[in-house]
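J.: Input: one structure, supplied below.
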Amino acid sequence: MARSDKRARRLVVEGESFLWTLSHTHRALGNGQYEDCCETLVIRQFKTRGRLRIVFRAASGRLVPDGYLMPSGAVGTGLGRTLNLHEPGTVRALLDAALKRGWRTDDPLAEEIDGWSVFDEVVQHRGATSPD
């Protein structure tokens, strides 16, 4: 189910508070169709300036919501290999993967990572699901 509320959501990890938002962007073709769909998850530690942007761009074999086949927040590489970016557990697993790769929560600069680079690791941790 899609969230209509655009406020940041809170996630507590080992006593530390994080805020996260999910957004969707695309380019309208003008004929009712869209291309270049992209899901972007932004995570930051509460009261810090640094941001982590985890970006999932549509590509061959990489599915993101397009208004037709995939529900809001779902990203995947095929049937049975999807993640729901609206689920706090998925956000936590993505945060853990980024921290393991060296993201520093106190870095004042925004860092962007390709979500597909951690997708398999997070699917393995979370278990694959099918989009609803």
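The values are calculated or read from the model by the stated rules, or taken from the named source; none is laboratory data. Computed from a predicted structure; not experimentally measured. So basically every Cβ, Gly included, is an ideal-geometry build from the backbone, and we count neighbours across all protein chains shown.
J.: Out of curiosity, is Arg104 assigned to a loop (DSSP other than H, G, I, E, B), modelled with pLDDT under 85 and under 20 Å from Arg10 (Cα atoms)? If you could, list the steps in order and put the result at the bottom.
T.: Working: assigned to a loop (DSSP other than H, G, I, E, B): yes; modelled with pLDDT under 85: no; under 20 Å from Arg10 (Cα atoms): yes.
Judged against the criteria, Arg104 is not a match.
J.: Does Val91 satisfy being surrounded by fewer than 18 Cβ atoms within 10 Å (Cβ to Cβ) and either touching a strand residue (DSSP E or B) at 6+ places or on another chain (Cβ under 8 Å) or in a loop (DSSP other than H, G, I, E, B) (or both)? Steps first, please.
T.: Values: surrounded by fewer than 18 Cβ atoms within 10 Å (Cβ to Cβ): no; either touching a strand residue (DSSP E or B) at 6+ places or on another chain (Cβ under 8 Å) or in a loop (DSSP other than H, G, I, E, B) (or both): yes.
No, not satisfied.
J.: Of all residues in the range 45-59 being buried (at least 16 other Cβ atoms within 10 Å of the Cβ) and without any contact (Cβ under 8 Å) to a residue 60 or more places away in the chain, which is farthest from Phe18 (Cα to Cα)?
T.: The extreme case among them is Ala58.
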